[in-house]
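Single-structure report; data block below.
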């Protein structure tokens, strides 16, 4: 397996998964905006972004899909609950909630406070995104209250997806003391050796 990767990007998610799994893989570090725009790279990822996972004849370029694929490819690692169980349904919910609930307001805040030139920033979008983020973080807070991981006592891909997105919130100082269960949950994830290896650069 080969993972095309750039630090502080969505590629952290499959890298964390691969570290949890412990299977051998090749990490191909690429520079966003240059390496990812070459004709050779665009053949495997037409978006010109990361991550991209190549596993034999299969190429995937969407972070959640890669993580779900890896969980299913290595079932002995128990990174996904059994098919057909209520836990599996909740597992899918949290994977998608990371993408549809947590990530969008964070991206908006990042774009309009850090990434875009100041003249292109729209403050009202930041205000709206901050309010949206607080609602979403409240949902996460209730989900992890009294639990080790988001589904209970077993780490799953859902934790990789939610946890990696919470890291972005933490990096932008958007996690407050008002979410103690969420902060404790993220600290538990951050203490894992696989997480530390995935975030090491």
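Applying 1/(1 + (r/R0)^6) with r as the Cβ-Cβ distance of residue 88 and residue 120 and R0 = 45 angstrom yields a FRET efficiency of 0.60. Summed over qualifying helices (DSSP H, 4 residues or more, each -39500 (n - 2.57)) and divided by its residue number, the chain shows a 222 nm mean residue ellipticity of -15500 deg cm²/dmol. For the chain, the square roots of the Cα gyration tensor eigenvalues, ordered a ≥ b ≥ c, give a/c of at least 1.5 with a/b no greater than b/c, which places it in the oblate category. The slack in the chain from residue 76 to residue 181, taken as 0.36 nm per residue of separation less the alpha-carbon distance, amounts to 34.9 nm.
Comparing 161, 17, 172 in a Gaussian network model of the chain where C-alpha atoms under 10 Å apart are linked, the largest mean-square fluctuation is found at 172. Oblate is the label for region 44-133, because the ratio a/c of its alpha-carbon gyration tensor axes (a ≥ b ≥ c) is 1.5 or higher and a/b is not greater than b/c. If R0 is 35 Å, the Cβ-Cβ spacing of residue 141 and residue 26 corresponds to a FRET efficiency of close to 0.40.
Take every DSSP beta bridge whose two residues both sit in the chain, then give the antiparallel share in percent to the nearest 5. Taking every DSSP beta bridge within the chain, about 65 percent pair in antiparallel fashion.
Values quoted throughout were computed directly from the atomic coordinates according to the rules given, and no laboratory measurement underlies them. Because the structure is predicted, anything quoted here is derived from the model rather than measured. Don't worry about glycine lacking a Cβ; one is built from the backbone with ideal geometry, like all the others, and counts go over all protein chains shown.
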